[in-house]
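The values are calculated or read from the model by the stated rules, or taken from the named source; none is laboratory data. If you're wondering where the values come from, they're calculated on a predicted model, not measured in any experiment. When we count neighbours, we look across all protein chains shown, and the Cβ atoms used for this are built from the backbone with ideal geometry, even at glycine. The accessibility values were calculated without ligands, DNA or RNA, using every heavy atom of the protein model including side chains. Shrake-Rupley method; radii C 1.70, N 1.55, O 1.52, S 1.80 Å.
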Amino acid sequence: MTRFIALQARENATGEFEQALVERDIDELPAGELLIRVRYSSLNYKDALSASGNRGVTKHFPHTPGIDAAGVVEASSVAEFSVGDEVIVTGYDLGMNTAGGFAQYIRIPASWALKRPQGLSLREAMVLGTAGLTAALCVDKLEQAGVTPDAGPVLVTGATGGVGSIAVALLAKLGYRVAASTGKAQQGEFLTSLGAQQIVLRSELLEGSERPLLKEQWAGAVDTVGGDILFNVVKSLRYGGSAACCGLTAGVAFKGSVLPFILRGVNLLGVDSVELPLVVKASMWDKLSLQWKLGGLDKLVSEVGLAQLPEAIAQILAGRLVGRVLVRVD
């Protein structure tokens, strides 16, 4: 049996959750057509929830989080993949109730994996990870809804987070005027380095929550936080504008009226990157590796090993992380 290292979240004797490095056997992994040696993963908010015992994300513990993984196929029982193929895996059940990417090996169904796009290295793919895929899906939805660079500014909420920071960079690359919203006023220089042309404090977006409509400002928006901020964003869209919604860190409740929708014809666009059909994921990854490929990714990423993950998990839960955290597994 092959032994490997994994980060495991488990409940201790006092009922609290902790994370620790453990040795596991490959035979302990779930069934699946592909055995993958993981090279890189990334840290997402959902991983932190799983690692801290959130049973809405992960039902059974001990468990290895990590909804992202990039690595090399070590064994395959399907013709579509061969030993040595470099692959990326994001979403589906990986890291939720299936042992995830915070480990040197994963075993998964072949239907979860994509061959690495030629325009991205495994490392670059995981700097993007689920956050980059989600940001790309948001931008794609806005474009499908008719939001163009000449329509007006596009707002990104939660802009210093993983999805938000990549959305700012991607929109700027595509020629949009980007307004970046954050509760971290000291990160204005970071956001302008990604291409933001306007910084909006989170407190400003909470003003006027009692009003059914606000002044028209944004041609489009990428919202990563939800709650009252999302509805204030919707109330501030220009006529015919659209907001792509992909996050809930500020809450799941949507308290508002239908007036922005029927008086201004705005659109609220839901974005999911977890159960998305693989063919759609593949098309987004192709864009991210070609015409939407971002340069300068290193300025929005910090890199940790498995041993440093517990500290990074605590930081993301406390809202102190900026940009992306790349996990060097192997």
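Miscellaneous remarks
- Per residue, the chain exposes an accessible area of 41 Å² to a 1.4 Å probe, with every protein chain left in place.
- For the chain, the alpha carbon convex hull comes to 128 Å³ per residue, rounded to a whole number.
- Candidate lysines for bridging to residue 255, where Cα separation is under 16 Å - those fewer than 8 sequence places away on the same chain excluded: 235
- Rh by Kirkwood over Cα pairs, then Stokes-Einstein D for segment 1-158 at 0.692 mPa s and 37 °C, µm²/s: 196
- Share, in percent, of DSSP beta bridges within the chain that are antiparallel, nearest 5: 55
- Contact order normalised by residue count of segment 101-216, Cα under 8 Å, 6+ apart, percent: 19
- Residues 102, 17, sorted by accessible area with the largest first, give 17, 102 [1.4 Å probe; ligands and nucleic acids excluded].
- Counted residue by residue at 0.36 nm each, then reduced by the alpha carbon distance between them, the extension gain from residue 121 to residue 203 reaches 25.7 nm.
- Rg ratio for segment 149-252: its Cα radius of gyration over 2.2 N^0.38 Å, N being its residue count, equals 0.96.
- Looking at segment 1-143, the DSSP beta bridges with both ends there are about 95 percent antiparallel.
- Bridging of residue 141 to aspartates and glutamates at a Cα separation below 20 Å is possible for 150, 223, 272, 275, 286, once same-chain residues fewer than 8 apart are set aside.
- Solvent-accessible area assigned to carbon and sulfur over the chain amounts to 50 percent, based on a 1.4 Å probe.
- In this entry, segment 71-165 is assigned a mean projected area of 8.1 nm², taken as a quarter of its C-alpha convex hull surface.
- Taking GluC sites (Glu not before Pro) in DSSP loop conformation with at most 14 other Cβ atoms inside 10 Å as exposed sites, the chain has its longest uninterrupted site-free stretch at 81-206.
- Helix-only mean residue ellipticity at 222 nm for the chain, each DSSP H run of n ≥ 4 adding -39500 (n - 2.57), per residue, nearest 500: -8000 deg cm²/dmol
- When nucleic acids and ligands are ignored and a 1.4 Å probe is applied, residue 93 ends up with an accessible area of around 50 Å².
- Between the beta carbons of residue 143 and residue 60, assuming R0 = 45 Å, the FRET efficiency works out to 0.65 to the nearest 0.05.
- Across 92, 45, the residue with the most accessible area heads the list, and the full order at a 1.4 Å probe is 45, 92.
- Cα-based reach from residue 299 at 19 Å (exclusive), listing lysines while leaving out same-chain residues under 8 positions away: 173, 184
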